[in-house]
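Report on one structure; see the data block that follows.
What follows is calculated from the coordinates using simple rules that are stated; it is not laboratory data. The shown structure was predicted, so the numbers you read here are calculated from the model rather than taken from an experiment.
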Amino acid sequence: MSKTLTDIAQQLRDANKKVQLIYAFNGMGKTRLSRAFKQLVSPKVEGEEAQSPAQSSDLAAKKILYYSAFTEDLFYWDNDLGQDAEPRLIIQPNAFTRWVLEEQGQDQSIAATFQHYTSEKLTPQFSPDFSSVSFSFERGNDEQEPNVKISKGEESNFIWSVFNALLEQVIAELNIAEVANRSTDVFNKLKYVFVDDPVSSLDENHLIELAVNLAGLIKSSQSDLQFIVTTHNPLFYNVLFNELNGKACYMLGRLEDGSFTLVKKMGDSNKSFSYHLHLLHTLEQAITDNKVERFHFTLLRNLYEKTASFLGYPGWSELLPDDKQNYYNRIIHFTSHSTLSNETMAMPTPAEQATVKLLTDHLKSRHAFWQQQGA
């Protein structure tokens, strides 16, 4: 059933789950969903935008902490090339960074986290008032190149490092059950953490590590804090799926009319929404509807190729039935690569349609395709 993003935000809120994990392809509306959820649980007060500069005490009124593209917009580059200025990343005043940097002095922790995910030779230096940060790079001769412009991926990693420092403090404080024993009361109203795709430009090793560390933080939370994590990265999703217990998993989709769907999923991305499963579903639907056409042989070959690559076979034809491997190989090759357009019909013969069904069923039954139960 199609829904608005506000409807989906309400569904997530009503689920009342400790962790909700959402996968969506790029452009499906993950970031807008984070805003819709924030507006639902903590509506903007009239005149709120006029409050400037932001004070760390503003944290006490917040019910949600979120990381998204909007978070990254709080950081922007000062590139006054006309004046030959040294490039620096400006930090727009906001309650979160004031708390982490000015009041808690977490600049060294942020720098260490940033270097861990990028390079120990790349060092951030905050200005004395924490209104900006510059970066230096240590060369092989132990000399530092000051004021370097970092990449967009490194910039995203830096901003995540700031958020990570805040998240560690939030969880540690709220884990103290007795409110009177907490060192601060500014997090007492927080109920939700919404994290949208913190994995820009990370290599696979660091991406896995970030996912494991984020899962560890979530698992360390002993309070009633609830977490929603969205991503477009199947690997990041899979690591979180396997690291976290008791989570609810969904796939966010957008329909042609601009509405959205949030479909519950059972299993990691390989079992729920990878491209090879889309191919399999397309073939199964054509077989069920008795609408197999010649192009389905191309999809069938593509499915065999992807499955063979995943399982480590040197060639896709090795997955075919042993007794007629060469025969089926020739059929698939001919029907998916025929150049005789004047003799090619869209509708295959009944025997060819039966072959599509036979080989689809063979791949499912012999090569460990996961069968979803009760969905």
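5 Å is the cut-off here: which amide hydrogens, built 1.01 Å from N in the peptide plane, fall below it relative to Cys249, excluding neighbours closer than 5 in sequence?
Leu21, Lys265
What is the extension gain from Ala15 to Lys121, computed as 0.36 nm multiplied by their sequence separation minus the C-alpha to C-alpha distance, in nm to one decimal?
Length difference between fully extended and current span is 33.7 nm.
Taking 0.36 nm per intervening residue step and subtracting the Cα-Cα distance, what contour gain separates Gln285 from Arg330 on full extension?
Extra length available between Gln285 and Arg330 comes to 13.8 nm.
Rounded to whole Hz and in sequence order, give me ³J(HN,Hα) for the range 348-361 from the Karplus expression 6.51 cos²θ - 1.76 cosθ + 1.60, θ = phi - 60°, writing x for Gly and Pro.
x, 5, x, 5, 5, 4, 5, 5, 4, 5, 4, 6, 5, 4
For a quick check: with amide H placed at 1.01 Å from N, whose amide H comes under 5 Å from Tyr67's, ignoring anything fewer than 5 positions away on the same chain?
Phe194, Val195, Asp196
Cα-Cα over 19 Å: which of Lys264/Lys364; Lys18/Lys189; Lys189/Lys264; Lys62/Lys219?
With Cα atoms farther than 19 Å apart: Lys264/Lys364; Lys189/Lys264; Lys62/Lys219.
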